[in-house]
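Asker: Encoded as structure tokens, here's the structure I'll be asking about.
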Amino acid sequence: MLLASSSLSTTALGKKISPFAKDARSTWTLHADTAPFSPAEPDRTKGMSVLLLSKSAPYAQVMVLGGADISTNHTYELVDVASLSPATDWDPPLAFPDGQHRSLASAVLLPDGNVFVCGGIQQASSPCAVFDPETGSWSPMAALPSVRDYHSVALLLPSGEVMMAGWNSTAIEIFSPPYLFRGARPVISSAPDVIHRGQDFVVETPPPQGTSIVKVVLVRPMAVTHQTDTEQKVIELDWAHSHDHAHPKKLRLRAPGGGSSALAQRGYYMMFLVNDEGVPSVARWVYVQ
């Protein structure tokens, strides 16, 4: 995972084999600034990890969950990666409140900053849950009708819903998070197609919705395989100045830049407005230049 410091954080989640024949012309070079830290204690092969970003401490964490080992895959772990050093260590493993063992589960970052966990349980109508990084709490969600295991994927859609597919099913299932049932959704009426890192821009929303918007986030579209997705992240944008309630339809924002530019690498993102009830808008696609 790419961190704000331009450092890379890796967690061993897959088998350590390569399907490619070695090319004698290829080489690996050890970077002088490599700073290993203690690996997660349980075997997290066939687990999944996500990068959790926050405006307040801890500013960046990695969450790892599940795995192949039946003795530990009912647990998850967190590590603070805001400032890596050889002394960095994982928090103790914690059990999922539902007691379920998860192997090849999916973890999806939602626009409100929470983590939706689904699949990886060998039964139909398997439990799903949402993790709140701010409180460290879990909430049970609607059960997943189909078994979703090897080569299954879960993806965040621009609608704010989550799509689940793969394994021994040709059907696609759509999960609607609780925030879709909390009232009217914010609307993006106008937004630039391209934003430039570190520069200010304006997003418009119909009044009086603007006064209820508490944050605007960029969500990197997912590119997951074998429960591995190093692209997944939710970046909360800075206000260009104090939220201007005199002009509630105009949200003046600043694109990621400076120290956070490594996190917002060039490319497409889904931009969501999130109101004070935690309800996201439908996303608008923007390109970060």
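Where a number appears in this text, it was derived from the coordinates with a stated rule and is not lab data. All values derive from a computational prediction rather than experimental measurement. All Cβ positions, glycine included, derive from the backbone under ideal geometry; neighbour counts span all protein chains shown.
Asker: Be a star and scan the stretch 49-71 for residues whose amide nitrogen sits under 20 Å from the point 7 Å along the Cα-to-Cβ vector of Thr230.
Answerer: Only 49-53, 60-65 fall inside the zone, counting backbone N under 20 Å.
Asker: Looking at the square roots a ≥ b ≥ c of the eigenvalues of the Cα gyration tensor of the stretch 181-288, which shape do they give, rounded for a/c under 1.5, prolate if a/b is larger than b/c, or oblate?
Answerer: Verdict is oblate for the stretch 181-288.
Asker: Give me the number: length gained by fully extending Ser56 to Ser189, i.e. 0.36 nm times residue separation minus the C-alpha to C-alpha distance, one decimal in nm. Walk me through the numbers before you get to the answer.
Answerer: Values: separation 133, 0.36 × 133 = 47.88 nm, distance 2.96 nm.
Working it through step by step, the gained length comes to 44.9 nm.
Asker: Out of all DSSP beta bridges with both ends in the stretch 181-288, state the antiparallel percent to the nearest 5.
Answerer: Counting DSSP beta bridges with both partners in the stretch 181-288, the antiparallel share is about 90 percent.
Asker: If the chain between Tyr150 and Thr170 were fully stretched, how many nm would it gain, using 0.36 nm times the residue separation less the Cα-Cα distance?
Answerer: Gain in length upon complete extension: 5.8 nm.
Asker: Starting with the fewest neighbours, write out Asp229, Asp89 ranked by other beta-carbon atoms found within 10 Å of each beta-carbon.
Answerer: Ascending Cβ contact count within 10 Å gives the list Asp89, Asp229.
Asker: Tell me which trypsin sites (Lys or Arg not before Pro) from the stretch 157-234 have a DSSP coil assignment and no more than 14 other beta carbons within 10 Å of their own. Could the numbers behind the result be given before it?
Answerer: On the way: sites: Arg182, Arg197, Lys215, Lys233; in loops: Arg182, Arg197, Lys233.
When the trypsin sites (Lys or Arg not before Pro) of the stretch 157-234 are filtered for loop state and at most 14 Cβ neighbours within 10 Å, Arg182 remain.
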